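First up is the structure itself, then whatever we jot down about it.
Since every read-out is calculated from the coordinates, none of them should be taken as a lab result. The structure displayed is predicted, hence computed values, not measured ones. Please note: Cβ atoms are built from the backbone with ideal geometry, for glycine as well, and neighbour counts cover all protein chains shown.
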Amino acid sequence: MKSSTETRPATPAEPSIGAGSQTLMRGLDVIEAIAHEPLALSDLAERLDLTKSTTHRLASALVDRGFLAFTPRAGYRLGPKLLELGFLAQAQADVIQVARLHLEALAGTTEDTVHLGILDGDRALYLDKMPGRRRINISSRVGDRQPLTSTGLGKALMLDHPEDYWAERLAADMADGGHPVDATLWTERMRAYAAAGRAFDLEENEDQIRCVAAPIRDARGAIVAAISVSSAAQYMSDERMDALSIEVGDTARAISHDLGWVPKT
């Protein structure tokens, strides 16, 4: 005679959330491990401190989804899916949208005007402007194209350019009616700016206005934009500009990180 209570057949236990997260993290570790060079299975397992069987299971699943590719003699390498995702991520990483919250935060903490700009031909094109809390009239406007050699933003955009380019732009800007400067002193300052990774405007573009600027880099490490903090000279002592260099540089690096930049170690 059968019991009134029938026993349910045993079913495989579902993986817990913790186990799923661990598998996901290990899969990401696999991708990161071969980000810079293809690796054979044994080398990949050793780098991840996993058994060959576990490594093979993870890598095979990633190959099936296109995140990795496998070449018999070379081993595992990044797959076509990552190329597709990288292209889509780059397309979504509009520098204005990425930078906006960082610019708002910087304007809030400094109480000064913050600019974002890019290189447009041989000029600095202003893409965004966050007014500060001080009652200071800074004439810049979104859409303005300003000289590279007199603005902090423009100098920051040129930091990776060769000195020949600096000299060409300085000569062109002077011929176009720019504020006269001593070319030797200007070049010495540019060298110091390039070494420090930031640039100053010492009332060269607008009377009684000083600024601190720093470059923004993309995933390739190339300068694609720059930010600056501008204020009246009375609020921009040499000591404050040195202090702002840290804050502006940190903000530029945070935006660069959001664009995919990884600093060289």
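Figures for the structure shown
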| quantity | calculated |
| --- | --- |
| DSSP-loop GluC sites (Glu not before Pro) across the range 61-159, with at most 16 other Cβ within 10 angstrom | Glu111 |
| Trypsin sites (Lys or Arg not before Pro) restricted to the range 137-227 and DSSP loop, no more than 15 other C-beta within 10 Å | Arg141, Arg220 |
| Sum of -39500 (n - 2.57) over DSSP H runs of 4+, divided by residues of the chain (222 nm, nearest 500) | -14500 deg cm²/dmol |
| Nonlocal amide H pairs with Leu68, under 5 Å, H built at 1.01 Å | Val63, Gly79 |
| Net charge of Cβ neighbours under 15 Å - reference Met190; Lys, Arg +1; Asp, Glu -1 | -4 |
| Cα gyration tensor shape of the chain, rounded if a/c is under 1.5, else prolate or oblate by comparing a/b with b/c | prolate |
| Hz values of 3J(HN,Hα) by residue in the range 207-212 - Karplus curve (6.51, -1.76, 1.60), Gly and Pro given as x | 4, 6, 10, 10, 8, 10 |
| Summed side-chain charge close to Ser256 - residues other than Ser256 whose Cβ falls under 12 Å, Lys, Arg +1, Asp, Glu -1 | 0 |
| Long-range HN-HN contacts of Ile209 with modeled amide H, under 5 Å | Glu203, Ala233 |
| Mean separation of Cα contacts under 8 Å, 6 or more apart, over the residue count of the range 93-258: relative contact order % | 24 |
| Peptides 69-81, 223-235 ordered by average Cβ neighbours within 10 Å, highest first | 223-235, 69-81 |
| Contour excess over end-to-end distance, with Cα ends at Arg57 and Gln22 and 0.36 nm allotted per residue | 11.2 nm |
| Rounded to 10°, Cα long-axis angle of helix 163-175 versus longest principal axis of the chain | 40 |
| Between helix 238-258 and the chain: long-axis angle, C-alpha atoms, 0 to 90°, nearest 10 | 30 |
| Inter-probe distance in nm under a simple model that places probes 7 Å from Cα toward Cβ, at Glu168 and Arg135 | 4.7 |
| Sites Ala40 and Asp64, calculated FRET efficiency, Cβ-Cβ separation with R0 22 Å, nearest 0.05 | 0.70 |
| Cα gyration tensor shape of the range 17-89, rounded if a/c is under 1.5, else prolate or oblate by comparing a/b with b/c | oblate |
| In degrees, nearest ten, helix 52-64 long axis to first principal axis of the chain (Cα) | 70 |
| Charge tally in the Cβ shell below 10 Å around Lys129, where Lys, Arg are +1 and Asp, Glu are -1, Lys129 excluded | -1 |
